[in-house]
Amino acid sequence: MSNLDWNNLGFEYIKTDFRFVAHYKDGAWSAGSLVEDNQLSLHEASPALHYAQQCFEGLKAYRCQDNSINLFRPEENAKRLQQSCQRLLMPSVPVDLFVHACTQVVKANTKWVGPYGSGATLYVRPLVLGVGAGLGLRPASEFLFLVFCAPVGPYFHGGVRPANFIVSEFDRAAPNGTGAAKVGGNYAGSLLPAKLAKEQGFSDCVYLDPATHTKIEEVGAANFFAISKKSGAFVTPSSPSILPSITRISLVHLAKEKLGLEVVEGDIFINSLHEYSEAGVCGTAAVIVPVGGISYQGNLHVFSQEKAGPITQKLYDTLVGMQFGDLEAPQGWITKVS
Ligand code: PLP
Ligand code: COI
């Protein structure tokens, strides 16, 4: 295993040994292979660079107690990448090629998967780029599919400690835009709102629905959920402009099947936060972070500043237990890499 301070990793790029590259040309993907070089040489007129014809994914590899390594639901990331590709007129990466590439990259970099119990994971970043010469606004004729990885710690901060968020005045997505696709352009636009939120002491910003600005959509890099005071239901926004989080669909399943909760995929109005006893944000990088409070129009609505609510904690323990192989996960959720 590499000599890193595994218990104190942040979420930064650390160069690992191998990455995967496949090339799409003349209507077909190449088989692809592992390479050591972490630099790309691209045509200066690549549409990925000018017109953001690119999309990406994020998933993690987890070291289990028996030293084996798990990938969590990689087929779901493959399917979402296909949807992102379709939205931007890029050729879909076949699910098999995607899972093969991620598996190969993790296998070739096992020394970068931190020890069980350290909190470190190996973050796997697949991406598709439109490359080759293209000046007019039209799709690229050639594409690259890349997968690299980096060992990471927590995205927001350590443990299941609550974090505070502030509602942004900016929109992350348009009602019929690209919000549901994991495309770089959405993230470029979120840099300024995130910077403003952090300057005011918040972990990130909450985006409201772009059509009415009355309902919570999601956070810069995570989906949102809350627990209804009245019914105890797990409530999570349903909207065509949020990124369909794989962590969230997993929590929907676990809330229903393991915690026996009612699940509502519907509206969470920003003016009705008092109707919820707990809230959290969820994503691959974020895992589950309890929402301590949400600032909106100058008022901080506080859920809990000290610790996660009981349901949020239970969901965290169940999800993370499955990812690290301590709890049995539903059929098909875990792909063993080694
Ligand atoms: N929403 C946004 C905008 C994200 O970037 C992410 C991260 O991928 C998520 C939600 C969570 O999605 P997932 O659980 O699939 O990682
Ligand atoms: C992820 O959770 O994979 C993300 O996309 C977060 C990323 C923006 C750092």
Next on the checklist: Under 5 Å between amide hydrogens, which residues at least 5 positions from Lys215 or on another chain qualify, with H placed 1.01 Å from N in the peptide plane?
Outcome noted: Asp209, Ile270
Checklist entry - How would Phe148, Phe303, Phe20 rank on accessible area, largest to smallest, probe 1.4 Å? => result Phe148, Phe303, Phe20
Checklist entry - Expressed as a whole number of Å, what is the distance separating the alpha-carbon centroids of segment 245-280 and segment 27-93? => result 29 Å
Checklist entry - Quick one: helix 74-87 against the long Cα principal axis of the chain, what's the angle to the nearest 10°, folded into 0 to 90? => result 80 degrees
Next on the checklist: Give me, ordered by chain and number, the residues 5 or more places off His43 or on other chains with an amide H under 5 Å from its own placed amide H.
Outcome noted: Gly132
Checklist entry - Along the charge dipole of the chain, Cβ charges K/R +1 and D/E -1, which of Leu137, Leu315, Cys64 sits furthest on the positive end? => result Cys64
Item to check | Unit charges on C-beta of K, R, D, E only; dipole of the chain, Debye | outcome: 180 debye
Item to check | Helix 246-257 vs. the chain, principal-axis angle (Cα, 0 to 90°, nearest 10) | outcome: 50 degrees
Item to check | segment 1-139: translational diffusion in µm²/s, Stokes-Einstein, Kirkwood Rh over Cα pairs, 25 °C, 0.890 mPa s | outcome: 150 µm²/s
Next on the checklist: Give me the percent of accessible area attributable to carbon and sulfur for segment 112-182, probe 1.4 angstrom.
Outcome noted: 55 percent
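Among DSSP beta bridges whose residues both lie in the chain, state the antiparallel percentage, nearest 5.
Of all bridge pairs located within the chain, approximately 85 percent are antiparallel.
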Next on the checklist: Give me a comma-separated list of calculated 3J(HN,Hα) values for segment 60-70, in order, Karplus coefficients 6.51, -1.76, 1.60 applied at θ = phi - 60°, integers in Hz, x for any Gly or Pro.
Outcome noted: 10, 10, 10, 8, 8, 4, 8, 6, 6, 10, 10
Next on the checklist: Quick check: Cα centre of segment 306-332 to Cα centre of segment 136-196, how many Å?
Outcome noted: 25 Å
Checklist outcome for this item: Computed over the chain: longest principal axis from alpha-carbon atoms vs helix 310-323 long axis, angle to nearest 10 degrees, is 20 degrees
Checklist outcome for this item: Excluding ligands, DNA and RNA, the carbon-plus-sulfur percentage of the accessible area of segment 211-316 with a 1.4 Å probe reads 50 percent
Next on the checklist: So if I place +1 on the C-beta of Lys and Arg and -1 on the C-beta of Asp and Glu, and nothing else carries charge, what would the dipole magnitude of segment 198-338 be about its Cα centre? I want it in debye, nearest 20.
Outcome noted: 160 debye
Next on the checklist: I'd like the Karplus ³J(HN,Hα) series for segment 102-113: coefficients 6.51, -1.76, 1.60, θ = phi - 60°, whole numbers in Hz, and an x wherever there's a Gly or Pro.
Outcome noted: 5, 4, 4, 5, 5, 4, 6, 10, 4, 5, 9, 8
Checklist entry - Where in segment 60-99 does the amide nitrogen come within less than 20 Å of the point 7 Å from the Cα of Glu265, taken along Cα to Cβ? => result 73-87
Checklist entry - If the limit is 18 Å between Cα atoms, which of Lys15/Lys182; Lys182/Lys258; Lys195/Lys215; Lys60/Lys107 go over it? => result Lys15/Lys182; Lys182/Lys258; Lys195/Lys215
Checklist entry - Over the chain, what number does the Rg to Rh ratio reach, with both radii from the alpha-carbon atoms and Rh per Kirkwood? => result 0.96
Checklist entry - What are the residues whose amide H is under 5 Å from the amide H of Gly179, where those residues sit 5 or more places off or on another chain and H is modelled from the backbone? => result Ala174
Checklist entry - Using the heavy atoms of the protein chains alone and a 1.4 angstrom probe, what is the accessible area of the chain per residue in square angstrom? => result 44 Å²
Checklist outcome for this item: Hits in segment 117-144: amide N under 18 Å from the 7 Å Cα→Cβ extension of Ala188, namely 127-141, 144
Item to check | Integer Hz, Karplus 6.51/-1.76/1.60 couplings in order for segment 148-156, x for Gly and Pro | outcome: 10, 8, 8, x, 9, x, x, 7, 8
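The values are calculated or read from the model by the stated rules, or taken from the named source; none is laboratory data. Every value quoted in this text rests on a predicted model; they were computed, and no experiment measured them. Glycine gets a Cβ as well: all are built from the backbone with ideal geometry, and neighbour counts include every protein chain shown. Heavy atoms of the whole protein, side chains included, go into the accessibility calculation; ligands, DNA and RNA do not. Shrake-Rupley method; radii C 1.70, N 1.55, O 1.52, S 1.80 Å.
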